[in-house]
Each structure stands twice: as C-alpha cells, then as structure tokens.
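Reading through the structure tokens given below for one structure.
The values are calculated or read from the model by the stated rules, or taken from the named source; none is laboratory data. Treat the numbers as computed from the prediction; the structure is a model and nothing was measured. We place every Cβ from the backbone using ideal geometry, glycine too, and count neighbours over all the protein chains shown. Ligands, DNA and RNA are excluded from the accessible area calculation, which covers all protein heavy atoms including side chains. Shrake-Rupley method; radii C 1.70, N 1.55, O 1.52, S 1.80 Å.
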Amino acid sequence: MKNLIQHITPEQLYNNPAYSHAVVAQGAGRTIYLGGQNSLSKEGTVLFPGDIKGQSAQVMQNLTAVLEAANALPDHLMKLTMHIVQGQNLQEGYEGAQPFLSKLKHPPAVTMAFVAGLAHPDYLVEIDGVAFVPDGE
C-alpha cells in the first residue's frame, strides 16, 4: 500500500491557509502523539511570563524539539490543539504560533480552546499534537 497524506478543505468551507479542516494519513508509518508543551526552558523556567505571544512562539520551538527527538519534522504534524487560559488574547496567542505554522508545506488540523487554567499559574498556553511519519521518510 502506498503512503498517502491528504490535507482536506472542502470547497463549501472557508479555506484558511493556517489550518486544514482534516488530515488523513494512510499507509505504513509511525504516529507520534505529542504531549502538551508549555513555554518552559530546559531548566524548567517559565519563559515569557505574562506574554501569550512569546509563550506561543516558545511552545512551537519546544514542539519542534520533541518532533526532532522522535525523528520527525514539523511538516509531519497532522493535528494541533491549542489550549489558552481564559482571558488571554486568542489572536495574540495565534500570532505567536503563526511564524512556525506559515513554514509548513500543508497546515495541520488545528483546534483552539479556552481553559480555566493550566498546570502552573504562569502558563498561558499549552499545545499538543499528533504527527505521522510515513515509512521511508
């Protein structure tokens, strides 16, 4: 069976270059489930306290590090879920992630949700995801 990855945006839905409405991965390969990442440094320090845009950018760097450790690339991302603490500016949070997302060949499916809080009071955003690496890549 040939590996196939489809990024789906139905014609009757809004076509936003920042996300796909669905991503289908078919064939042999590895699925990687990325745990929620926060804006932590290697030493465990919260970076960019009070700055949702800075934290989102750092989270994307941390997700990239996790992907690399799993022998995957950002372009292998199929799904991202962005959890933002209630009261934070959703647009600013997304702007922090946008430089990362704009480099991808095909955008992943993305869900954003407001939450009451995260594991540490200084965390403003947490992002988790799913990636698929077809055999041979």
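A compact table of results
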read-out	value
Degrees separating the helix 52-69 axis from the principal Cα axis of the chain, which is the longest one	40 degrees
For the stretch 16-107, projected area of the alpha-carbon convex hull averaged over all directions, nm²	6.6 nm²
Accessible surface of the chain, 1.4 Å probe, proportion on carbon and sulfur as whole %	53 percent
Estimated FRET transfer efficiency when R0 is 25 angstrom, pair Val24-Ala116 (beta carbons, to 0.05)	0.15
MRE, 222 nm, helices only [DSSP H, n ≥ 4, -39500 (n - 2.57), over the chain, to nearest 500]	-7000 deg cm²/dmol
Angle in degrees between helix 90-101 and the longest Cα principal axis of the chain, rounded to the nearest 10	50 degrees
Per-peptide average of other Cβ atoms within 10 Å, ordering 76-87, 122-133, 26-37, 58-69 highest first	122-133, 76-87, 58-69, 26-37
Residue-count net charge about Leu104 - beta-carbon cut-off 13 Å; Lys, Arg +1, Asp, Glu -1	+2
D_trans [Stokes-Einstein, Kirkwood Rh over alpha-carbon pairs] for the stretch 72-137, 10 °C, 1.306 mPa s, µm² s⁻¹	123 µm²/s
